[in-house]
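The values are calculated or read from the model by the stated rules, or taken from the named source; none is laboratory data. The structure presented is a predicted model; accordingly, all values stated were derived computationally and were not measured. No Cβ is skipped: glycine too gets one built from the backbone with ideal geometry, and neighbour counts run over all protein chains shown.
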Amino acid sequence: MTRSVSRGDDDDHGAAGRCSALSPRRGTRTVSEGGRHSPGFGKGSLLEGGTMELAALLLASLSLCSAIIEAPDEFLSLADMEDALLRNLFRGYQKWVRPVLHANDTITVRFGLKISQLVDVDEKNQLMTTNVWLWQEWTDYKLRWNPEDYGGVTSIRVPSETIWLPDIVLYENADGRFEGSLMTKAIIKYNGTITWTPPASYKSSCTMDVTFFPFDRQNCSMKFGSWTYDGNMVDLVLVDDHVDRKDFFDNGEWEILNATGMKGSRQDGLYSYPYVTYSFILKRLPLFYTLFLIIPCLGLSFLTVLVFYLPSDEGEKLSLSTSVLVSLTVFLLVIEEIIPSSSKVIPLIGEYLLFIMIFVTFSIIVTVFVINVHHRSSATYHPMAPWVKSLFLQRLPRLLCMRGHADRYRHADVELRSPELKPRVKKQPRAQARKEEENCDWLTMLEKATTSVRYISHHIKKEHFIREVVQDWKFVAQVLDRIFLWAFLTVSILGTIFIFTPALQMYLSSPP
């Protein structure tokens, strides 16, 4: 009879094992307690009521199975518990159905944004590329459980493809990938709260204002909202008014001054669609463009001024001006590749290059005029007017701190006729002179020599006059060069200050 009792205990444990295979619910402790009660039966009782004992054992086995279904086994692993929990949770779960109890219930999605990197800001194509994390949290009433029934498991991670998602997308997406996120796992808590934080890489459209390029600021926004659900089905709640930048990786060209979010709503007929907009205030770091674009342009500008410091008889004046103009054209082509093709605004650096190009073009025209003045002579031009002589040879040189026109070849007229010779010739009667001419050839030779001397004197005076005119025009050209040197230097400095001052004031001002 004792063997039969032991066999009965074995049957109890076998039944418990079979029942434990059905579900990880509590039961091992109950089995051991039932095992302890078995030796308590005496032989007499077994002999007298074998049928009753068999019925009691069968009843204990059934109660054991029910106890095992209700409570997990202490010796099961955490993986087995989560496996059983997942099977129970997703038995009959449909991810395409909005998890609400009533048709008029609204699912509230708490939404937040965390930026990890500002990859690029493309002014040419007006795009902003960012790497972000989308923090989303909502409640799914169908995914709830009692942690005590599963060994204290309070949360599980499940693939996001297996649960209902609020299909929140970026509206201003520019590359066609509106979701833009990696389908990472979601965290489900025992009360049905689901937290999903997928990483995403977005290319969003952004209207660029390049007026103050490269000292510009841009205001780019990212608008998120549900693609198919209206506000009565899914409502968005902004978690934080500011974008989380704790793990932000700095960009070498742009600095984020401010990143804030606000909730809005778009009305479409009878339905309202809520959305969340994040605005990014970006400031460009202009060091690169200052060193490799603005400073060379400034150098070319002042190089244009130095054209007027070269002597007018040098042929390099026009060559230098033309080379500067070609260099500015190359810089303009470089900028054209960077900034967007828009007729609404002209970028600051474009205005400055246009100013310098007009500046250089006008300097070429002035240089041609100065060279023309430099090579004037009495053979091609009339003598200089008295007012021109007074203005350019006397007054302006003193105002421009120039030396006077010292070498002007102003010599007194040479009187080749001797004052002593004339009286002697006049005192002689004409008849006597003829007689002496017949007898003395030396007087004829003397008159011929006098004529030759007068001719030479006239020629020398003419050469002196021509040289004086040439030197006067050359000096006028020098005065013009000096005038345009100071004029162009002043215009260059004032123009540079006038163009860049508003941009510098805006750049150095406090962020909005």
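Side notes on the structure shown:
- Selection of helices (runs of 4 or more DSSP H) fully inside the range 322-425 by the criterion of at least 1 residues being out of contact with any Lys or Arg (no Cβ under 6 Å at 6 or more places or on another chain), of a type in the set (Ser, Thr, Tyr) and modelled with pLDDT of 65 or more returns 348-374, 386-390.
- Number of positions in the range 94-133 that are outside the structural domain of Trp227 (by TED's automatic domain parsing), of a type in the set (S, T, N, Q) and touching a Lys or Arg at 6+ places or on another chain (Cβ under 8 Å): 0
- If the condition is being more than 26 Å from the chain's Cα centre (by Cα) and aliphatic (A, V, I, L, M), then the range 242-281 contributes only Leu270.
- Selection status of Leu282, within 21 Å of Asp209 (Cα to Cα) and modelled with pLDDT of 90 or more: yes
- Only a single criterion out of (1) in contact (Cβ under 8 Å) with a residue 60 or more places away in the chain; (2) within 27 Å of the chain's Cα centre (by Cα) is not satisfied by Tyr309, namely (2).
- Criterion violated by Phe292 - all others in (1) in a helix (DSSP H, G or I); (2) surrounded by 20 or more Cβ atoms within 10 Å (Cβ to Cβ) satisfied: (2)
- Checked against (1) out of contact with any strand residue (DSSP E or B) (no Cβ under 9 Å at 6 or more places or on another chain); (2) within 30 Å of Ser201 (Cα to Cα), Ala174 passes all but a single condition, namely (1).
- Members of the range 60-87 that are assigned to a helix (DSSP H, G or I), loosely packed, with under 13 Cβ neighbours inside 10 Å and modelled with pLDDT of 70 or more: Leu78, Ala79, Arg87
- If you go through the range 88-138 and keep only what is among the basic types (Lys, Arg), assigned to a loop (DSSP other than H, G, I, E, B) and within 23 Å of Trp164 (Cβ to Cβ), you end up with Arg91, Lys95, Arg98.
- Flag for Val276 being within 30 Å of Phe369 (Cα to Cα) and surrounded by 14 or more Cβ atoms within 10 Å (Cβ to Cβ): no
- Gly261 meets the conditions (1) closer than 30 Å to Ile497 by Cβ; (2) not assigned by TED's automatic domain parsing to the domain that holds Ser509 in every case but one. The failed one is (1).
- Within the range 146-159, tally of residues that are of a type in the set (Gly, Ala, Ser) and surrounded by fewer than 18 Cβ atoms within 10 Å (Cβ to Cβ): 2
- Search result, residues across the range 315-349 that are without any contact (Cβ under 8 Å) to a residue 40 or more places away in the chain and either farther than 30 Å from Tyr507 by Cβ or buried (at least 18 other Cβ atoms within 10 Å of the Cβ) (or both): Gly315, Glu316, Ser319, Leu320, Ser323, Val324, Leu325, Val326, Leu328, Phe331
- Residues of the range 182-216 that are more than 30 Å from Leu332 (Cα to Cα), surrounded by fewer than 22 Cβ atoms within 10 Å (Cβ to Cβ) and not hydrophobic (A, V, I, L, M, F, W, C): Thr184, Lys185, Lys189, Tyr190, Asn191, Gly192, Thr193, Thr195, Thr197, Pro198, Pro199, Ser201.
- All conditions but one from (1) in a helix (DSSP H, G or I); (2) surrounded by 15 or more Cβ atoms within 10 Å (Cβ to Cβ) apply to Gly299; the one that does not is (2).
- Here the range 351-361 is the region considered, the condition is being surrounded by fewer than 20 Cβ atoms within 10 Å (Cβ to Cβ) and without any contact (Cβ under 8 Å) to a residue 60 or more places away in the chain, and the residue that is nearest to Glu123 (Cα to Cα) is Leu354.
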